[in-house]
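Comments concern the structure below.
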Amino acid sequence: MSTPGDAIEGRTGLVVALPAEAHSLGARGMHVGDCERWRQGWMAVSGIGPHNAMRAAERLLACGASRLANWGVAGALSPDLAPGDVLIPDRIRYTHEDPGFATDPDLNTHLVELLSASLHVHRGDLWSTPQPIATMADKQALGARSHALAVDMEAAPIAAVAARAKLPFVAVKAICDPVTRELPAGIVGALDGADQGWSLRMVSAIAFGGPATWRAARALSRDFRHARRSLATAASLAA
């Protein structure tokens, strides 16, 4: 019989994109590219983007993982989701012509029941895309067309690796920016290839972006802190 903690423990191969997301699970000092034993399973810090996520998932399979999980942040596509809310996706989608990948329903139910006592938890579809969705208009359009609640850049390739290996998959996503958030072009461009989340290119984009970029960067940093706190809470509840 599965327990809620089984979603992120046991022989789970857990993929996080950023070291800060690993830190929310109590894994300190990990860097992009690291893959380490974590509790009874393994954790890999992939870096941002689908290619990095797929490589990390495949590496975890080679370690002997019997299920895969994705842990981290996502952007809202629905006005019902606020920074710090948590999404447990029932399905990971990446194109309008394909149904995508179903997540493990039993683990999802356990997680929702466990986390809902302390967090605002939602269930629904997660959309996975290779590029950031930067504008409010684009987010609203994608949400209206897809009916997905949130968007990320890593879940679909991890789910695909799990599906090919016929292994269960689950995801836990904390919302780090609302559907109304507009990301300046400089920040979006700097995210391309910024595996650590921050880079010299990112710092330069913010420093020389002007007042609108500075305000957006402050808001994004504030909401990312909310998301990290929710992930830390979720980790303590599911331990």
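The values are calculated or read from the model by the stated rules, or taken from the named source; none is laboratory data. The structure displayed is predicted, hence computed values, not measured ones. All Cβ positions, glycine included, derive from the backbone under ideal geometry; neighbour counts span all protein chains shown.
When Ile92 is tested against (1) over 17 Å from the mean Cα position of the chain (by Cα); (2) outside any loop (DSSP other than H, G, I, E, B); (3) of a type in the set (A, V, I, L, M), exactly one condition is not met: (1). Listed by first and then second residue, the pairs linking a residue in segment 142-168 that is within 13 Å of Arg91 (Cα to Cα) and crowded, with 22+ Cβ neighbours inside 10 Å to a residue that is modelled with pLDDT under 95 and aliphatic (A, V, I, L, M), with Cβ atoms under 7 Å apart and 6 or more places separating them unless they lie on different chains, are Val151/Ile133. Screening Leu60, Leu68 for residues that are outside any strand (DSSP E or B) and hydrophobic (A, V, I, L, M, F, W, C) leaves exactly one candidate, Leu60.
Can you tell which of Leu81, Leu119, Leu77, Leu114 is among the hydrophobic types (A, V, I, L, M, F, W, C) and within 24 Å of Asn52 (Cβ to Cβ)? When all the criteria are applied, what remains is Leu77. Among the residues of segment 54-74, those identified as touching a strand residue (DSSP E or B) at 6+ places or on another chain (Cβ under 6 Å) and over 15 Å from Val172 (Cβ atoms) are Ala56, Ala57, Arg59, Leu60, Cys63, Ala65.
For segment 85-104, the criterion of being out of contact with any helix residue (DSSP H, G or I) (no Cβ under 8 Å at 6 or more places or on another chain) and more than 23 Å from Ala163 (Cβ to Cβ) is met by none of the residues.
Table: residues versus (1) surrounded by 14 or more Cβ atoms within 10 Å (Cβ to Cβ); (2) at pLDDT 95 or above; (3) in contact with a Cys (Cβ under 8 Å, 6 or more places away or on another chain); (4) more than 21 Å from Ala17 (Cα to Cα).
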{"site": "Asp90", "(1), (2), (3), (4)": "yes, yes, no, no"}
{"site": "Glu97", "(1), (2), (3), (4)": "no, no, no, yes"}
{"site": "Gly100", "(1), (2), (3), (4)": "yes, yes, no, no"}
{"site": "Val112", "(1), (2), (3), (4)": "yes, yes, no, yes"}
{"site": "Arg123", "(1), (2), (3), (4)": "yes, yes, no, yes"}
{"site": "Leu126", "(1), (2), (3), (4)": "yes, yes, no, no"}
{"site": "Pro130", "(1), (2), (3), (4)": "no, no, no, no"}
{"site": "Ile133", "(1), (2), (3), (4)": "yes, no, no, no"}
{"site": "Met136", "(1), (2), (3), (4)": "yes, no, no, yes"}
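Annotation for segment 135-146: no member residue is closer than 20 Å to His51 by Cα and either β-branched (Val, Ile, Thr) or in contact with a Ser or Thr (Cβ under 9 Å, 6 or more places away or on another chain) (or both). When Gly84 is tested against (1) surrounded by fewer than 24 Cβ atoms within 10 Å (Cβ to Cβ); (2) under 14 Å from the mean Cα position of the chain (by Cα); (3) closer than 17 Å to Ile158 by Cα, exactly one condition is not met: (3).
Is one or more of the residues making up segment 34-51 in a helix (DSSP H, G or I) and either surrounded by fewer than 24 Cβ atoms within 10 Å (Cβ to Cβ) or in contact with a Lys or Arg (Cβ under 8 Å, 6 or more places away or on another chain) (or both)? Within segment 34-51, one or more residues are in a helix (DSSP H, G or I) and either surrounded by fewer than 24 Cβ atoms within 10 Å (Cβ to Cβ) or in contact with a Lys or Arg (Cβ under 8 Å, 6 or more places away or on another chain) (or both).
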